[in-house]
Amino acid sequence: MAGVVCPFGGVPGAPALQLQPQIRPPARVFRVLSGSIWWQRIYWDWRQYVAALSVGLAAVPPNLGPRTGPGIYFTDRQSLEGLPTPTQFTHRLSLYGPTAYQCYLYGCALIKFTTPAVPLLTPPGLTAGGAREWQAAGNVPMAHGMVVTSVEPDGRWYQMPI
């Protein structure tokens, strides 16, 4: 995999780090979404939110998780090291079904944000693929200062500050 650069550091193709669960998540964490969910349900709503604020309308920012879910899952940077493609992200994070398929087709969006100051719903643990995971109670609204790393199906990636 000469010339391949991983968006979160590490060496592509190297054995995955053998991580252990951590009680407390780091200060900055990542939410992983399929590219289609990011572009159609969050980014577009974010642009509408910003436009509404620019003309003085009251608006509510979109959330990073489903409207009906009890909370959102997130991971840390170390769990993402050495992964250059959406396929590898889905395996490491144990994303299955429609989400994995959408990542294969449309890539992944990895949203970096400040760890929410809310209780955790589940004990900290590891995904079946070995990534650390936490689940926050409630949702997390999009906010200025977040950074989105979009990873295309072929491994190309770019960052978008929000």
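For segment 73-104, filtered to residues that are touching a Ser or Thr at 6+ places or on another chain (Cβ under 6 Å) and either hydrophobic (A, V, I, L, M, F, W, C) or free of Cβ contacts under 8 Å to residues at least 12 places away in the same chain (or both), the residue that is nearest to S36 (Cα to Cα) is C103.
Here W38 fulfils each of the conditions (1) open to solvent by less than 30 Å² (accessible area, probe 1.4 Å); (2) over 16 Å from I162 (Cα atoms) apart from (2). Criterion first (at pLDDT 95 or above and either of a type in the set (A, V, I, L, M, F, W, C) or open to solvent by 50 Å² or more (accessible area, probe 1.4 Å) (or both)) does V29 satisfy it? Spelling it out, V29 is indeed at pLDDT 95 or above and either of a type in the set (A, V, I, L, M, F, W, C) or open to solvent by 50 Å² or more (accessible area, probe 1.4 Å) (or both).
Pairs meeting the criteria (first residue in segment 1-23 and assigned to a loop (DSSP other than H, G, I, E, B), second residue loosely packed, with under 12 Cβ neighbours inside 10 Å and modelled with pLDDT of 90 or more, beta carbons under 8 Å, at least 6 apart or on different chains) are P7/Q159. Please work out if W46 is over 28 Å from P123 (Cβ atoms), touching a Phe, Trp or Tyr at 6+ places or on another chain (Cβ under 9 Å) and in a helix (DSSP H, G or I). Answer is no for this residue.
Per the listing S150, S94, S79, the residue uniquely open to solvent by less than 20 Å² (accessible area, probe 1.4 Å) and farther than 27 Å from R47 by Cβ is S79. Screening segment 55-65 for residues that are in contact (Cβ under 8 Å) with a residue 40 or more places away in the chain and part of a loop (DSSP other than H, G, I, E, B) and picking the one that is most open to solvent (accessible area, probe 1.4 Å) gives V60. Which of the residues spanning segment 82-91 are open to solvent by less than 20 Å² (accessible area, probe 1.4 Å) and either under 22 Å from A143 (Cα atoms) or not in a loop (DSSP other than H, G, I, E, B) (or both)? Passing the criteria: P86, F89, T90. Filtering segment 105-147 to residues that are over 19 Å from S36 (Cβ atoms), open to solvent by 20 Å² or more (accessible area, probe 1.4 Å) and aliphatic (A, V, I, L, M) leaves A117, V118, L120, L121, L126, A128, A137, A143, V147. Which of the residues that make up segment 35-55 are polar (S, T, N, Q) and modelled with pLDDT of 95 or more? Q48, S54 - these are the residues of segment 35-55 that are polar (S, T, N, Q) and modelled with pLDDT of 95 or more.
Over 17 Å from Q22 (Cβ atoms), in a strand (DSSP E or B) and of a type outside the set (A, V, I, L, M, F, W, C), is that true of Y158?
yes
In a residue-by-residue description of segment 106-116, the property of being over 14 Å from the mean Cα position of the chain (by Cα), more than 19 Å from N139 (Cβ to Cβ) and in contact (Cβ under 8 Å) with a residue 12 or more places away in the chain applies to at least one position.
The values are calculated or read from the model by the stated rules, or taken from the named source; none is laboratory data. Fair warning: this is a prediction, and the values are worked out from it, not measured in the lab. Note that we place each Cβ from the backbone using ideal geometry, even for glycine, and neighbour counts take in every protein chain shown. Remember, those area values only see protein heavy atoms, side chains included, never the ligands or the DNA or RNA. Shrake-Rupley method; radii C 1.70, N 1.55, O 1.52, S 1.80 Å.
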